[in-house]
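Since every read-out is calculated from the coordinates, none of them should be taken as a lab result. None of the values given here were measured: they were computed from a predicted structure. Note that each Cβ is placed from the backbone with ideal geometry, even for glycine, and that neighbours are counted across all protein chains shown.
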Amino acid sequence: MTGSPQSPQTITLGGGCFWCTEAVYVQVRGVLDVESGFSNGQSQNPSYEDVCTGATGHNEVVKLVYDPAQISTREVLEIFFVIHDPTTLNRQGNDTGTQYRSGIYFSTPEQQAVAKEVIAEMAASGTYSQAIVTEVLPVSNYWPAEDYHQDFFARNPDQGYCMAVAAPKVAKFRKTFLRLQKD
């Protein structure tokens, strides 16, 4: 990309368990910060336990800060659609509930436009055999998850869930997006 320096952008993504999504995005070139949290629910400052009940309406998400001079919003979303299943409503693998819904929570109108464009292109191309159910909404009522959720995969690579679910997503990212990996 050329031209004047661009300010970092923030986008929030719900792709199932935030441990898995975070584990991928911390390895992406141009992603400056990744924080696990909860968004687009009703209650204030929910705990992980509260969110797991489904009663808060929050989604498990990662908030990404990225440098658009190094990675585009489109590339951020291309990774997102490879590392989770956008066709299952309120579910990713064995994780079920509204807190595991597929969601893109934008912070700019440009991000919204790119998200809708990418989804329309995938739908038209038949990338998935089922309809894409990813919600595209402005980010709202975001809260960071508790400290023990941050960098969970990096700190617990041998934990059962990390080995069974997060590690394969990281491997898929590495195989599919070699050009976007941090050095």
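The table for this structure:
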item: Highest-first arrangement of 79-85, 48-54, where packing means the average Cβ count within 10 Å; result: 79-85, 48-54
item: Spatial separation of Cα centroids for segment 38-99 and segment 3-27, in angstrom; result: 11 Å
item: Cα-based Lys pair tally, the chain, threshold under 20 Å, eight or more apart or on separate chains; result: 5
item: Gln44 paired with Glu121, simple spin-label distance in nm, labels 7 Å along Cα-to-beta-carbon; result: 4.2 nm
item: Dipole in debye (nearest 20) - the chain, about Cα centre, beta carbon charges: Lys, Arg +1; Asp, Glu -1; result: 520 debye
item: Computed over the chain, Cα set: Rg, Dmax in Å; result: 15.4, 47
